[in-house]
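The structure appears below as structure tokens.
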Amino acid sequence: MSQQEPIETDIIIIGAGPVGLFTVFEAGLLKLRCHLIDALPQPGGQLTEIYPKKPIYDIPGFPDILAGDLINNLMQQAQPFKPGFTLGERAESIETIENNRFKVTTDMGTVHIAPNIAIAGGLGCFEPRKPPIQNIKDFENKGIDYIIKDPEKFRNKKVVIAGGGDSALDWTIFLKDVAAEVTIIHRRTQFRGHPDSVQKVMDMDASGAIQLIVNSEVTHLKGDTDNQHLTSVGIATDGIEDLRWLDCDYFLPLFGLSPKLGPIADWGLNIDKAAIEVNTFDYSTNVPGIYAIGDAITGPMLAHKAEDEGMAVAEILAGQAGHVNYDVIPGVIYTHPEVATVGQTEEQLKEAGRAYKAGKFSFMGNGRAKANFAADGFVKILADATTDRILGAHIIGPMAGDLIHEVCVAMEFGAAAEDLARTCHAHPTYSEAVREAALACGDGAIHS
């Protein structure tokens, strides 16, 4: 149980993933202090824990960026505001105390106090996937760790790692120079991790730096006399009847994490299908003072949507008017050619019984697209049949993920298709196709 003094702040943020970190930045600009709580041992959520080397394509300002690099950038962006972090601990319980404040206590006993809580926990608290070993709970925190907080804990110790993904491979490589012995056990011969990491582990096994055991699983555990600490693991290998016992000080089953709402489900919040219900006017839950944003609530699971919600909730808590227009959230599929969409589709308008008109223009009629041999695709704009107000747009073609934002801005201001059609566009550019589609909502495109 933690004996430290309670941590007091303006906003307790549950979840130190990208949305939580971005909220720190926005709140800091508004002179609000933040403290983040996350069950993972480092900031970044699943981006750093599960796929730090995965490229991400929907971050403004970056054509693509590795997940780990994005988190590093967000940490640097938040650093001037000196956020606090409680990492490797799960927000366990909540109670209301004097002066309309909340006390949030973690599973390790760390106490946090603030008047506001923002839940930015994504899909939930990431719980480790545990192997089906009968007495595994007897040795949790007594030689079995699912998350590595401090690698120095394993210095000069005998460590057994189980798993075949990036986490198991990366920690095997790292702990080689820390532990006295490292053994990695995998139930198959093929690994799911990054090829470079797989090759490093293979080379380390060949040189004797570590021991690699494949087609095997840890199925049994033994401890000292009073089961106060793990002493060995029993390994079952395909085709071999007898167990093989291996002495060790620590066993690290690194089979990844699965998201669960966790103790938050018991905080009295209204929840629908694992999503926290909020009033999207101010992101408040049914418990005054508790807010939720990002993938923790309903709506498309998009980074830019979640970041806008983080900005809005920070502004609301600072007494300003935060707002997100859910009718103008663009979506982009980064294929070739790209696909981008915003607003309503023809199917949705038909179902709603709303009269509309559609203007469509092929990139075959666009000079820039033809010159670049990128003329596959089209731009379609949907507008109200009476008012001409733009209701949606759908683009397949070159730079679709960038072109869609001209329509997003127009929709945010309630523009008509004619407004786009009468706006001069430079020639030759891909954006001329957007104008032509807008023209097609009226008297017709120029170059169709």
Give me the residue from the range 114-127 that is of a type outside the set (Gly, Ala, Ser) and surrounded by 17 or more Cβ atoms within 10 Å (Cβ to Cβ) and, out of that set, nearest to the chain's Cα centre (by Cα). LEU123
Specify the residue that is nearest to THR96 (Cα to Cα); the eligible residues are those in the range 231-260 that are touching a strand residue (DSSP E or B) at 6+ places or on another chain (Cβ under 7 Å) and of a type in the set (A, V, I, L, M). LEU257
Number of positions in the range 239-284 that are of a type in the set (S, T, N, Q) and touching a residue at least 40 places away in the same chain (Cβ under 8 Å): 2
Qualifying position, being touching a Ser or Thr at 6+ places or on another chain (Cβ under 7 Å), surrounded by 15 or more Cβ atoms within 10 Å (Cβ to Cβ), touching a residue at least 24 places away in the same chain (Cβ under 8 Å) and in the same structural domain as ASP402 (by TED's automatic domain parsing), among GLY365, GLY359, GLY343: GLY365
Within the range 83-95, can you find the residues that are touching a residue at least 40 places away in the same chain (Cβ under 8 Å) and in contact with a Lys or Arg (Cβ under 9 Å, 6 or more places away or on another chain)? PRO83, GLY84, LEU87, GLY88, SER93, ILE94
Determine, yes or no, whether THR298 is in the same structural domain as ILE13 (by TED's automatic domain parsing), surrounded by fewer than 18 Cβ atoms within 10 Å (Cβ to Cβ) and farther than 30 Å from PHE373 by Cβ. yes
Need at least 1 residues that are farther than 28 Å from ILE329 by Cβ per element, so show me which strands (runs of 3 or more DSSP E) inside the range 3-112 make the cut, counting only ones lying wholly within it. 34-38, 84-87, 91-97, 101-106
Restricting the search to the range 135-182, which residues are in contact (Cβ under 8 Å) with a residue 24 or more places away in the chain and among the aromatic types (Phe, Trp, Tyr)? PHE139, TYR146, PHE154, TRP171
Residues being touching a Gly at 6+ places or on another chain (Cβ under 9 Å), more than 13 Å from ALA437 (Cβ to Cβ) and part of a helix (DSSP H, G or I): count how many of those fall in the range 340-363. 3
Go through the residues of the range 187-208 one by one and say whether even a single one is in a strand (DSSP E or B) and touching a helix residue (DSSP H, G or I) at 6+ places or on another chain (Cβ under 8 Å). no
Collect the residues in the range 47-87 that are under 17 Å from the mean Cα position of the chain (by Cα), under 21 Å from ILE14 (Cβ atoms), modelled with pLDDT of 75 or more and surrounded by fewer than 20 Cβ atoms within 10 Å (Cβ to Cβ), keeping them in residue-number order. MET75, LEU87
With respect to ALA303, determine if the residue is touching a residue at least 40 places away in the same chain (Cβ under 8 Å) and closer than 28 Å to GLU406 by Cβ. yes
Of the residues that sit in the range 306-316 and are of a type in the set (Asp, Glu) and in contact (Cβ under 8 Å) with a residue 60 or more places away in the chain, which one is surrounded by the fewest Cβ atoms within 10 Å (Cβ to Cβ)? GLU315
Subset of the range 317-337, residues free of Cβ contacts under 8 Å to residues at least 60 places away in the same chain, part of a loop (DSSP other than H, G, I, E, B) and not β-branched (Val, Ile, Thr), comes to GLY319, ALA321, GLY322, HIS323, HIS336
Flag for ALA374 being surrounded by fewer than 20 Cβ atoms within 10 Å (Cβ to Cβ), among the small types (Gly, Ala, Ser), in the same structural domain as PRO337 (by TED's automatic domain parsing) and modelled with pLDDT under 95: yes
Would it be correct to say that VAL287 is in a helix (DSSP H, G or I) and without any contact (Cβ under 8 Å) to a residue 60 or more places away in the chain? no
What residue, of THR386, THR429, is surrounded by fewer than 17 Cβ atoms within 10 Å (Cβ to Cβ), within 22 Å of VAL332 (Cβ to Cβ) and touching a residue at least 24 places away in the same chain (Cβ under 8 Å)? THR429
Any residue at all in the range 250-263 that's in contact with an Asp or Glu (Cβ under 8 Å, 6 or more places away or on another chain) and part of a helix (DSSP H, G or I)? yes
Which condition number in (1) at pLDDT 85 or above; (2) part of a strand (DSSP E or B) is the one that PHE281 fails? (2)
Return the residues of the range 292-340 that are closer than 17 Å to ILE56 by Cβ and small (Gly, Ala, Ser); say none if nothing qualifies. GLY294, ALA303, ALA306, GLY310, GLY331, ALA340
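The values are calculated or read from the model by the stated rules, or taken from the named source; none is laboratory data. All values reported here derive from a predicted model rather than from experimental measurement. Glycine also receives a Cβ, built like all others from the backbone with ideal geometry; neighbour counts cover every protein chain displayed.
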